[in-house]
Amino acid sequence: MKKSLVAFSVVVASCAATTASADQTCKPVNGHFEAQQVLPPDCTAPFCSAGRVWGGIQGTYNFAMTTIENSVAVPSISFFTGQSEITVKGGDLLLGTDTGSLDLGPNQGFASLITFTGGTGSMAGASGQIKLRGTLDLTAGTTAGDYVGTLCTP
């Protein structure tokens, strides 16, 4: 049984590595972002922002929150999901799904994970993830922070 489990693990790991490396080139990315809140009628979601991103990924982006749920354990924390669209230099789109948490307490910050789900042009079939952390200024309606992760493209 032990030999079978080891052999199965090696085959699964080998297949996963072959599929990822054969189809895509992955590179580490890190950088910064800043954004301004987008208000209705331009935003029909619970929250939207638009801004710029620079570093390993460069361009402009739009974020639209799709869900938000308050934490039971910590009243100032909420959990969210959303969709991001980054227009990279050259005009191609990089698409991603966001999941994260927001702290609307005195420190007003957030952490998010964007999982890339494809795009257009050079970003068609893109995958990977970036972790974001940032600050919120609810009075000014701005966010800013940094990101680190991996971007894989065909």
Problem - Any hit, the range 120-127, residues being in contact with a Phe, Trp or Tyr (Cβ under 6 Å, 6 or more places away or on another chain), closer than 29 Å to residue 25 by Cα and modelled with pLDDT of 95 or more - result: yes
Practice task
Could you please tell me which pairs satisfy a Cβ distance under 6 Å, a separation of 6+ or placement on different chains, a first residue in the range 70-98 that is closer than 20 Å to residue 115 by Cβ, and a second residue that is part of a strand (DSSP E or B) and charged (D, E, K, R)?
Solution key: 79/69; 82/98; 84/98; 93/85; 95/85
Exercise for the section: Test residue 122 against the criterion of being surrounded by 14 or more Cβ atoms within 10 Å (Cβ to Cβ) and assigned to a strand (DSSP E or B), and give yes or no. Expected result: no
Problem - Failed criterion for residue 100 (all others in (1) buried (at least 17 other Cβ atoms within 10 Å of the Cβ); (2) touching an Asp or Glu at 6+ places or on another chain (Cβ under 9 Å) hold) - result: (2)
Problem - Test for residue 150: is it at pLDDT 95 or above, closer than 19 Å to residue 30 by Cα, in a strand (DSSP E or B) and touching a Lys or Arg at 6+ places or on another chain (Cβ under 9 Å) - result: yes
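Condition first: surrounded by 19 or more Cβ atoms within 10 Å (Cβ to Cβ) and modelled with pLDDT of 95 or more. Can you find one or more residues in the range 66-77 that meet it?
no
The values are calculated or read from the model by the stated rules, or taken from the named source; none is laboratory data. Since this is a predicted model, take the numbers as computed values, not measurements. Every residue, glycine among them, receives a Cβ derived from its backbone with ideal geometry; neighbour counts consider all protein chains shown.
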